[in-house]
Every structure is written in structure tokens, then in C-alpha cells.
């Protein structure tokens with residue numbers, strides 16, 4: 001398998017030159033219609049931020065299991081933040097061969113959403129060691145949020161909408177979730193996937209990955225590799241953008257397996273609609289192109305109606321069924 005995903009320079013979207021912005025937006029639109037995935041260069045996230053995040057993350061995952069468990073997700077309550085061990089996360093009911101950390105927007109106890117006990121809202125859990133992980137996560141999330149908002153401007157332009165459409169309607173107060181995943185070293189003999197076939201749930205995912213490789217994307221012609229390309233982030237669209245565009249832009253299945261022989265890290269950042277945002281198809285869309293029969297879960301994103309929070313909570317509850325029973329009983 002070889003990579004066939006386009007590399008798109010999104011730097012013009014940070015500027016004001018209209019022709020340059022339109023060219024970048026057109027390339028993004030073509031990628032969203034064809035693959036639902038592309039590499040973004042010129043994304044504005046400083047390499048130093050990723051280096052600091054990578055180093056701090058490797059230091060954490062090298063800790064003894066008991067020390068990592070001190071910030072286990074069960075301690076995060078309804079906020080669903082913290083650490084899970086290898087096999088603790090499920091994809092399509094099967095344990096993934098990875099461990100990880102869950103983060104989100106930092107909210108204090110006085111936030112009305114936290115006081116309501118709204119799931120997936122609250123404070124992050126950070127380990128005692130390494131102390132620098134807190135700053136690395138916070139700084140990276142802030143930078144990634146700026147990039148995501150700008151890429152969404154390009155997506156809006158590609159749909160013949162004004163550049164601020166998504167910011168105005170869905171991401172004024174976005175749902176921002178960030179994961180750090182560690183895939184243990186494997187020689188390929190283990191048949192378990194690091195993460196099984198799935199689509200993402202919301203609008204846009206920005207993925208940073210180390211140099212180990214292992215990401216695969218499902219295309220019309222079959223599975224292809226999406227190896228790391230220095231200086232880029234992998235961008236892919238989620239189920240809500242699929243629904244909003246009546247299937248014109250696809251939330252594409254992907255999966256990952258680490259066969260590098262050493263530990264692999266990936267850093268997905270999810271930039272999605274506000275929790276209470278009602279998801280409705282964009283106006284003047286063609287008839288729905290629904291591919292539910294070919295999806296691994298046989299589920300249609302176009303049958304869904306309601307808020308993004310309801311959709312997200314339903315999906316995440318399947319990923320951590322034991323946690324759901326403990327914190328949402």
C-alpha cells in the first residue's frame with residue numbers, strides 16, 4: 001500500500017489574498033469529496049510544540065503502571081478525562097492494542113456545565129510526572145484550535161459558504177477533545193489492531209503522528225497507507241460534516257496498527273460542534289448520499305437528529321462501556 005492522500009498548503013487560509021484562499025479551499029474540497037483525508041502543510045503549529053509534547057508523552061508512558069493508574073479515567077468522573085491502559089478502549093466492541101490519555105477544554109468547578117454534571121466537561125487530570133506534560137498539552141491544544149478554525153474556513157469556502165459559517169453556527173464554543181495514544185511495540189505477529197476501523201464523530205480532526213507509521217485509510221479502491229510526512233498534520237472530516245453535506249464530504253473509515261518494532265505515539269485533536277448545537281443539513285444540498293451499507297457499523301449518520309452532544313455521548317459510551325456504567329449510572 002502507498003499513500004495517495006494529497007498534501008495541501010493551508011498557509012494561504014491564514015492570509016487575506018482572496019485568490020490564494022480560494023485555491024487552497026478548492027483543494028480541500030476536492031480532498032473531502034474524494035478521500036475525506038489530506039495532509040496539511042503550512043498549518044502554523046510550531047515544531048517545537050510537537051517536540052515538547054512527544055518528549056513529555058514518552059516520559060509518561062514509560063512510567064510504572066501503578067503510577068500511570070493514579071490518573072485513571074475513573075477519577076475524572078463525568079468529564080471522562082485521564083489515563084486508560086492497553087485494552088481499556090474498545091472499537092466496535094473489540095479491545096484496542098493501545099493505551100492513552102484523554103484531555104479536553106479545561107473547565108473549573110464554577111463553570112455552569114460542570115455544575116450541571118454535563119458529561120465530557122470538566123477539569124483535566126495531569127500526572128505528577130512529568131510536570132511539563134500539562135504545559136505541553138495546553139499549549140498544543142491552543143495552537144491546534146487556531147489551525148482547526150482556519151481549516152474550517154477553507155472547508156466553508158469550498159462549500160460556497162462564507163468563511164465564518166462554521167465559526168458562527170457551530171464552533172463559537174466548540175467541543176475540543178485531545179488524545180495522546182501510545183501503541184506498544186509490535187513485530188506484526190499480533191493480529192490486534194492498535195485502533196480498529198472507525199470514523200471520527202464531529203467536524204474536523206487534526207492528527208500529529210510520530211515517525212513510526214501505521215495509519216491506514218479506507219478509499220474506494222481499498223486500504224492505503226497514510227505514513228507520516230514531516231512538517232504536516234493529517235486532517236480528516238467527521239460524521240457531522242458528512243451529515244451536514246448530505247454525504248458529499250465523507251467521514252472516511254481509518255485504522256492503525258503499529259508494526260514498527262518500537263512504541264508509536266499519535267496525537268488526535270478533535271475540533272467539533274458545540275455540545276448543545278443542533279445538527280441540521282446545510283441548505284440547498286443535493287439528495288443524501290448515504291453509505292451506511294458499506295460502513296463497518298451499518299449505521300447511518302444521516303438518520304441522526306438532535307444535538308452533537310447526544311451523538312458524541314452515544315459513541316463514547318460504546319468505547320468505554322465500563323466507565324459509562326460507573327460514572328453515568
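Laboratory data are not the source of any read-out in this text; all were calculated from the coordinates shown. If you're wondering where the values come from, they're calculated on a predicted model, not measured in any experiment. We place every Cβ from the backbone using ideal geometry, glycine too, and count neighbours over all the protein chains shown.
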Order of 59, 191 under a 10 Å beta carbon neighbour criterion, fewest first: 191, 59
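Calculate how large, on average over all directions, the projected area of the Cα convex hull of the range 117-212 is; give the answer in nm² to one decimal.
Averaging across all directions leaves 9.3 nm² for the Cα convex hull.
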Projected-area mean, the range 9-66, by convex hull of Cα positions, square nanometres: 5.9 nm²
Between the range 93-155 and the range 26-74, the Cα center-to-center distance that results, in Å: 12 Å
√(5λ) per eigenvalue of the Cα gyration tensor, the range 180-221, largest first, Å: 21, 15, 11
Relative contact order computed over the range 1-119 (Cα-Cα under 8 Å; 6+ residues apart), in percent: 16 percent
Sequence of 173, 290, 272 once ranked by neighbouring C-beta atoms within 10 Å, starting from the fewest: 173, 290, 272
Share of alpha-carbon pairs per 10 Å distance bin for the range 169-292, given as whole %: 12, 38, 31, 15, 3, 0
Reference-scaled alpha-carbon Rg (2.2 N^0.38 Å with N residues) for the chain: 0.94
Antiparallel bridge percentage (DSSP; both residues within the range 6-139; nearest 5): 50 percent
Computed helical MRE - 222 nm, the chain, DSSP H runs ≥ 4 contributing -39500 (n - 2.57), nearest 500: -9000 deg cm²/dmol
Rel. contact order, % - alpha carbon contacts under 8 angstrom, at least six apart, the chain: 21 percent
Ellipsoid equivalent to the range 1-125 - semi-axes via the Cα gyration tensor, in Å: 35, 21, 17
